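Each value in this text was obtained by applying a stated rule to the coordinates, not by laboratory testing. Being a predicted model, the structure only gives us computed values, none of them experimental. Here Cβ is always computed from backbone atoms with ideal geometry, including for glycine, and neighbour counts include all displayed protein chains.
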Amino acid sequence: MNYYFQKTIEKDFEYINSKIRNNLLKNGFGVLTEINIQKAFKEKLGVDFKKFIILGTCNPVLAHQAVSKEPEVGVMMPCNVVLWENKDKSVTVSAIDAVKMLSICLNDLNDIGEKANILLKSSIDEL
């Protein structure tokens, strides 16, 4: 059972990084955090790693609805979108399945998860 949505694209990493950010913005998500795994592994572990970025994204409207119903849901925020470069130089982009993530909550947040999934899927599908 997948807990993410994913697409692999035959384009340059930097182009896809820029494009997914624009698509997310167009769909109401801001990028709150960026973790450059390649850089962190090099600095902290001294190891080389493929290009790999984790974007912490948030749709403020959906986030407000969710934390208004269940404040504890904040421990699962923001929604992560991850991109990495494959050996063949293609780029894989993955996003969390918000419905599956929110299914563990005490309150019914399924409608919010479904809205988030539509927007996250659209952001990836448009790559």
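Annotations for the structure displayed:
- Rounded, prolate or oblate (a/c below 1.5 giving rounded, otherwise prolate when a/b exceeds b/c) for region 7-124 by Cα gyration tensor: prolate
- Take the Cβ atoms of Lys11 and Val61, set R0 to 30 Å, and the FRET efficiency comes out at 0.50.
- Remark: spin-label model distance Asn36-Glu70 equals 3.6 nm, labels positioned 7 Å along the Cα→Cβ axis.
- Degrees between helix 13-26 axis and first principal axis of the chain (Cα, 0 to 90, nearest 10): 20
- Label-to-label distance, nm, for residues given as Tyr3 and Val47 (7 Å Cα→Cβ offset): 2.1
- Each Lys and Arg adds +1 at its Cβ and each Asp and Glu adds -1 at its Cβ; summed about the Cα centre, region 4-125 shows a dipole of about 360 debye.
- Across region 55-72, rounded Karplus estimates of 3J(HN,Hα) from the backbone phi angles (6.51 cos²θ - 1.76 cosθ + 1.60, θ = phi - 60°) give 9, x, 10, 8, 9, x, 5, 5, 4, 4, 4, 5, 6, 6, 7, 8, x, 5 Hz, Gly and Pro being marked x.
- Sites Asp111 and Asp88, calculated FRET efficiency, Cβ-Cβ separation with R0 35 Å, nearest 0.05: 0.35
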